[in-house]
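S.K.: Submitted below is the structure of interest, expressed as structure tokens.
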Amino acid sequence: MLTAALSALVLLAGCSAQASPDAAPDAGSFLQEHGLSGNAVKVIDELEQLGGADRPTEFTASVRPGELLLSDGEDEFSMPLPEDRFYLSIAPYAEKTHDCYFHSLTTCQGELTEQDVHVKIVDKGTGDVLVDEEQTTNPNGFVGFWLPKDVDATVSVSHSGLTAQQEFSTGPNDATCMTTLKLA
């Protein structure tokens, strides 16, 4: 029942994939079976680097506030994220995008793959600059950031003379996937 609910939620998020019914007895075995290891931060960072045919199709991985959910269609595992951090994955676009709320590391695909972007993230409450750097989008078209929890912020992205800006929050019910940054 829980797997069906997770599949429905991933589908509603706009980033769905079909997983095979391989069972795994625990999270450690699941990771090992799929060539992964380490904590949730390491798994997220590794999977975020993949795009296209390099991404796994036999399981799904979804970033939620506070946890990474892994599922192979039969079993589901949760790995905790650092208590004071929030993961936000951003996919700026020029012409096409998809709806997404919780970032899927195995199915979300952004338009601008391996493109240089400048990202600036500012805490609206304090004015502190949380990120101000050049990044190259991953083969999946996204670039991810580990941010403080419970802040209201503004992200600005520029690419090839085009810019986009959007407000967001890093609370317990907020989106981990931002696909609404239309460059203009």
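S.K.: Please tell me if Gly38 is surrounded by fewer than 18 Cβ atoms within 10 Å (Cβ to Cβ), at positive phi and at pLDDT 80 or above.
M.R.: yes
S.K.: Moving to a separate point now. Based on this model, can you work out whether Ala164 counts as buried (at least 21 other Cβ atoms within 10 Å of the Cβ), of a type in the set (Gly, Ala, Ser) and touching a Lys or Arg at 6+ places or on another chain (Cβ under 9 Å)? Show your work before the answer.
M.R.: Details: buried (at least 21 other Cβ atoms within 10 Å of the Cβ): no; of a type in the set (Gly, Ala, Ser): yes; touching a Lys or Arg at 6+ places or on another chain (Cβ under 9 Å): yes.
Against the criterion (buried (at least 21 other Cβ atoms within 10 Å of the Cβ), of a type in the set (Gly, Ala, Ser) and touching a Lys or Arg at 6+ places or on another chain (Cβ under 9 Å)), Ala164 does not qualify.
S.K.: A further question on this structure: Given the conditions (1) in contact (Cβ under 8 Å) with a residue 60 or more places away in the chain; (2) of a type outside the set (Asp, Glu); (3) touching a Leu at 6+ places or on another chain (Cβ under 7 Å); (4) surrounded by fewer than 20 Cβ atoms within 10 Å (Cβ to Cβ), report the number of the one that Ile90 does not fulfil.
M.R.: Exception for Ile90: condition (4).
S.K.: Any residue in region 29-47 that is in the same structural domain as Glu58 (by TED's automatic domain parsing) sitting within a Cβ distance under 6 Å of a residue that is of a type in the set (Gly, Ala, Ser) and surrounded by 15 or more Cβ atoms within 10 Å (Cβ to Cβ)? List the pairs, counting only those 6 or more apart or interchain.
M.R.: Phe30/Ala24; Glu33/Ala24; Leu47/Ala61
S.K.: Let me ask something else. Would you please list the contacts, defined by Cβ atoms under 7 Å and residues six or more apart or on different chains, that run from a residue in region 161-178 that is within 11 Å of Gly66 (Cα to Cα) to a residue that is acidic (Asp, Glu)?
M.R.: Pairs that qualify, where the first residue is within 11 Å of Gly66 (Cα to Cα) and the partner is acidic (Asp, Glu), are Thr170/Asp150; Gly171/Asp150.
S.K.: State all residues of region 128-144 that are assigned to a strand (DSSP E or B) and either among the β-branched types (Val, Ile, Thr) or crowded, with 20+ Cβ neighbours inside 10 Å (or both); if no residue qualifies, say none. Steps first, please.
M.R.: Residues of region 128-144 assigned to a strand (DSSP E or B): 129-136, 143-144.
Once the filter is applied, which keeps residues that are assigned to a strand (DSSP E or B) and either among the β-branched types (Val, Ile, Thr) or crowded, with 20+ Cβ neighbours inside 10 Å (or both), region 128-144 yields Val129, Val131, Thr136, Val143, Gly144.
S.K.: Report yes if Ser16 is at pLDDT below 95, in a loop (DSSP other than H, G, I, E, B), loosely packed, with under 13 Cβ neighbours inside 10 Å and polar (S, T, N, Q), otherwise no.
M.R.: No; evaluated as a whole, the condition is false for this residue.
The values are calculated or read from the model by the stated rules, or taken from the named source; none is laboratory data. Note that this is a predicted model, so its numbers are computed, not measured. Reconstructed Cβ throughout: ideal geometry from the backbone, glycine too, with neighbour counts over all protein chains shown.
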